[in-house]
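See below for the structure under consideration.
Read-outs: derived from the displayed coordinates by stated rules, not from any lab. If you're wondering where the values come from, they're calculated on a predicted model, not measured in any experiment. Cβ placement follows ideal geometry from the backbone for every residue including glycine, while neighbour counts extend to all protein chains displayed.
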């Protein structure tokens, strides 16, 4: 569980996050949505510790991240899995080596144990016989799966995904979304996803947090989002002709 | 410790991959280091070769041998050459006095030489060193005979027409024949070959026996005036065991001054030369050449170092997103630092190794052309590699430090 309390963040005097308070629960897929510039990326970076908030609290399972010592933060960071936009695999490493990378950085496992863990993670994302291929030799969807396998390699308690299905065709995007959702429940992780994609929202949004101009404007489930009368959220959700047609 | 070793291995792998992925850039970057290491190591190899030759020559001349000659080997500043011009040259008769009156001399030999064409039937060699000497020559200088024998005391005494020839002479005029017992011709007269010197290679002072035709001085005296300055007469004196060169020089000075009847206040009218003088002189020359090698090569290496630093900054910039992702996945600062340092050192080492390879080829070529030994030594190889690694370390440190201090947020932001 991640509890966010009154987080504010400014850049050169310009407020980007204003008193954001919310709760991301364990075993659920939590989505942060919003227009470009709404502050969702900054919020995500504050959550993973890449940015420090100006004020407020971020509690990881009731532990205040901002008040932790360096050593304690490192322990928490070991429990964070990260899935970057585009996959961000290392082109010079094979699929297997990419998945092993965070294990090399954080764990004391033997090489054999690391290989076992990498194989387990790759099988879990339904990838077989690709261990020795390079990222350039696999499809975009497979790259995303490898990235997910790498994100869960350290058996994290918290999984952060930045636009996980950007650049994928709608069908593959849904497969990836479902995979993230399944893994979240299976490993009982707290998953936070930063996305623009309404398909993702409607597929896996156990909880949806809508940011508008740095403020938490609305939160609820994917079912509640269709019934809200929040104007800014509706403008965002029904921005496309397709969604407007579907609503009618 | 195991984790550290693993991280070092992992960063080295990232570094190697980057070097391999940018081959053309790598090659261009390495040129400076390659040229620098090539220049330095080539100069050092040639210097080592020359020094070895000089030391061997000095050893062959004998480090406990003093040469009594008209001119000194080493001239001091403001050398009053006009005083030396009128000095007498050593005479053969002075040899007997030296042998009988000195306490420090074990053996002494008189030497006179000229350049002649040596013939055998239709074969001939020009500018061979025709050297006449006395019977103790083989006691003063190291004489190594590969075929036949040395000239006997009787032959020396009677002035018989016998010669010992150098390997180069033997190869030139007896290409497919055993020279022993054959006749060679000079000054229109024939002399019998009784021995062949073992091949020695080119000497630092042109003192190698390879190009020599050695004959008894009394035989040579039939054709030339051995006491004429034209034939470079000299006396070689070797010290007895336990006698220092200085003691022998003092002894020889007293005997020579007495022989030439010099007044107490008069300057010596002879030079007593010893190989250590040459050795010291050559040390100074080698030090200057060595310094020049460092300066020339040093500038190239400096330029190469800037090249590596520049390309490492480019590399850091290009891989900013990778650095960010690595950091986000748990990579520590020293992991990133090591990664880029490895890359810089590997780049520099490759440049150095290529420079060494070229130096190896060039020294081998010079060795074969100059008939001298200029081989690349292990010491020079290690020096080249160490200098390369050091340059890589120094020039790669700032870019690597910059990379390790990158803000992961900025780094990840650059990820498309």
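Here are some notes:
- DSSP-defined beta bridges in the protein assembly as shown - what % are antiparallel, rounded to 5: 65 percent
- Highest-MSF residue in chain B out of B:198, B:332, B:139 [GNM, Cα springs under 10 Å]: B:332
- Diffusion coefficient (Stokes-Einstein, Kirkwood radius over C-alpha pairs, 25 °C, 0.890 mPa s) for the range A:1-150: 142 µm²/s, rounded to a whole number.
- Cβ-Cβ FRET estimate between residue B:291 and residue B:244, R0 fixed at 30 Å, reported to 0.05: 0.40
- Extents of the range B:129-224, largest first, come to 31, 30, 23 Å (Cα atoms, principal axes, whole angstrom).
- Taking every residue in A:97-108 and counting other chain Cβ atoms within 10 Å of its Cβ, the average works out to 4.
- Values of log10 I(q)/I(0), in the order q = 0.05, 0.10 Å⁻¹, for the protein assembly as shown under a Debye, Cα-only, solvent-free model: -0.50, -0.95
- Rounded to 5, percent antiparallel among DSSP beta bridges of the range B:82-215: 70 percent
- The range A:92-155: C-alpha gyration tensor shape, a/c 1.5 cut-off, then a/b vs b/c: prolate
- Distance between modelled label sites at residue B:52 and residue A:123, nm, 7 Å Cα→Cβ extension: 6.2 nm
- Overall form of the range B:88-269 per C-alpha gyration tensor (a/c, 1.5; a/b vs b/c): prolate
- P(r), alpha carbons of chain B - 20 Å bins starting at zero, rounded %: 22, 35, 22, 17, 4
- At R0 = 51 Å, FRET efficiency that the Cβ-Cβ distance of residue B:91 and residue B:144 yields, to 0.05: 0.95
- Once C-alpha pairs closer than 8 Å and six or more residues apart are averaged by separation and normalised to the residue number of chain B, the relative contact order reads 29 percent.
- With the convex hull drawn over the C-alpha atoms of the range B:281-416, the volume per residue is 118 Å³.
- Cα→Cβ-extended label distance, 7 Å offset, between residue B:369 and residue A:62, nm: 8.4 nm
- Mean Cβ neighbour count within 10 Å, used as a protection proxy, ranking A:36-46, A:190-200 highest first: A:190-200, A:36-46
- Helices in chain B, meaning DSSP H runs of at least 4 residues, each add -39500 (n - 2.57). Divided by all residues, the mean residue ellipticity at 222 nm is -19000 deg cm²/dmol.
- Nearest-0.05 FRET efficiency for residue B:302 and residue A:188, computed from C-beta distance (R0 56 Å): 0.40
- Kirkwood hydrodynamic radius (C-alpha pairs) into Stokes-Einstein, the range B:174-302, 37 °C and 0.692 mPa s, D in µm²/s: 165 µm²/s
- Convex hull of alpha carbon positions in the range B:15-97: directionally averaged projected area 11.4 nm².
- Structure-based [θ]222 nm, chain A - -39500 (n - 2.57) summed over DSSP H runs of at least 4, per residue, nearest 500: -11500 deg cm²/dmol
- Contour minus Cα-Cα distance for residue B:318 and residue B:187 (0.36 nm per residue): 39.2 nm
- If the chain linking residue A:231 and residue A:10 were pulled fully straight, counting 0.36 nm for each residue of separation and taking away their Cα-Cα distance, it would gain 77.0 nm.
- Peptide B:320-328 shows a mean partner chain C-beta count of 4 within 10 Å per residue C-beta.
- The range B:326-356 residues near the modelled residue B:389 label - backbone nitrogen below 18 Å, point 7 Å along Cα→Cβ: B:338-356
- Shown here: the range A:110-209, whose C-alpha atoms stretch 41, 29, 17 Å along the first, second and third principal axes, sorted largest to smallest.
- Considering only beta bridges that DSSP places wholly inside chain A, some 55 percent are antiparallel.
- Placing a pseudo-label 7 Å from each Cα along the Cα-to-Cβ vector at residue B:152 and residue A:111 gives an inter-label distance of 7.6 nm.
- For the residues of B:329-335, the average number of beta carbons from a partner chain within 10 Å of their own beta carbon is 6.
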